[in-house]
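Report on one structure; see the data block that follows.
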Amino acid sequence: MARLGRDSKLYFKHQAFIPSFACALLYLTVLSFSGQMVTYLLSSGYTSSQVAVARTVSVGFEVLATWIGPWLMGRIGPVRAGLWFVSWQSGCLLGGMAVFWRLKQDDCVLSASALVAGTILSRLGLWGFDLCTQIIIQEDVEEEKRGAFSATESAWQSTFEMCSYMSTIVLSRPDQFSYPASGSVLAVVGAWAMYTRFVVERRGHLIHWPSCVAAPEKMAESRERLLGSPERRSLYGV
């Protein structure tokens, strides 16, 4: 128990805690092509072949993330890339869930398809975000503390995953699937909010504005250098 307390204290007080916990929070989801969502899709009118196609396309987006993730991190760094990926994931799931609730009473297959589309597209953000957070953790966590930190992170991932299964045990009917699905989207939005805070704390700002927008005075200086003398200004009518 003393060892557990030390490891937990290390985890929660470490500077890499927020990206790690945000990534672990994503395990609190039923919106993946595992048994929970597949069971709902079959009950809503999907065939086994259609589910298989959806799962195949989803895997394709996950593999695509392993190419896009390193490329994007190489251009803007893992911290900013992580924000892009988790924002993409949140947007896809929010859009899919909005259409799902709008059509839920009218067309079960169409509403389920909106959820499937949002889930498939979100896999690019999920796996890209996971890559970014793991890079941050490897860079920030001291070598002698990585074992304890990673073990605690894994424990939280398993806890959240167990909670996702508990949600469908309690809300087991197909017509109740919308509630754990909505909770899954809220968990992703929560992870986005946590990571956004981390980005602001790490970088000092959230949006990387172009220099001409972030510093209007620099535009004025450039304008002065370009126009030069008063004679040249009169030539251009300024």
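The values are calculated or read from the model by the stated rules, or taken from the named source; none is laboratory data. Worth saying up front: this structure is predicted, and the values here are computed from it rather than measured. We place every Cβ from the backbone using ideal geometry, glycine too, and count neighbours over all the protein chains shown. Just so you know, the surface numbers come from the protein's heavy atoms only, side chains and all, with ligands and any DNA or RNA stripped out. Shrake-Rupley method; radii C 1.70, N 1.55, O 1.52, S 1.80 Å.
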How large a share of the accessible area of the range 1-152, in percent, is made up of carbon and sulfur atoms when the probe is 1.4 Å and the other protein chains stay in place?
63
With the charge dipole of the range 1-112 built from beta-carbon charges (+1 for Lys and Arg, -1 for Asp and Glu) about the Cα centre, the Cα from Gly69, Gly5, Trp88 projecting farthest to the positive end belongs to Gly5
If one takes the longest principal axis of the Cα atoms in the chain, at what angle in degrees, from 0 to 90 and to the nearest 10, does the Cα axis of helix 2-13 lie?
40
From the helices alone, meaning DSSP H stretches of at least four residues, give me the mean residue ellipticity at 222 nm for the chain, per-run term -39500 (n - 2.57), in deg cm²/dmol to the nearest 500.
-28000 deg cm²/dmol
Neighbour-limited loop hits for chymotrypsin sites (Phe, Trp or Tyr not before Pro), the range 47-122 (at most 12 other Cβ within 10 Å; DSSP other than H, G, I, E, B)
none
Kirkwood hydrodynamic radius of the range 79-182 from all distinct Cα pairs, in Å?
15.8
Quick one, what does Rg over Rh come out to for the chain if you take C-alpha atoms and the Kirkwood Rh?
1.14
1.4 Å probe accessible area per residue over the chain, in Å²:
56
Could you order the peptides 35-47, 128-140 from most to least packed, using the average number of other C-beta atoms within 10 Å per residue?
128-140, 35-47
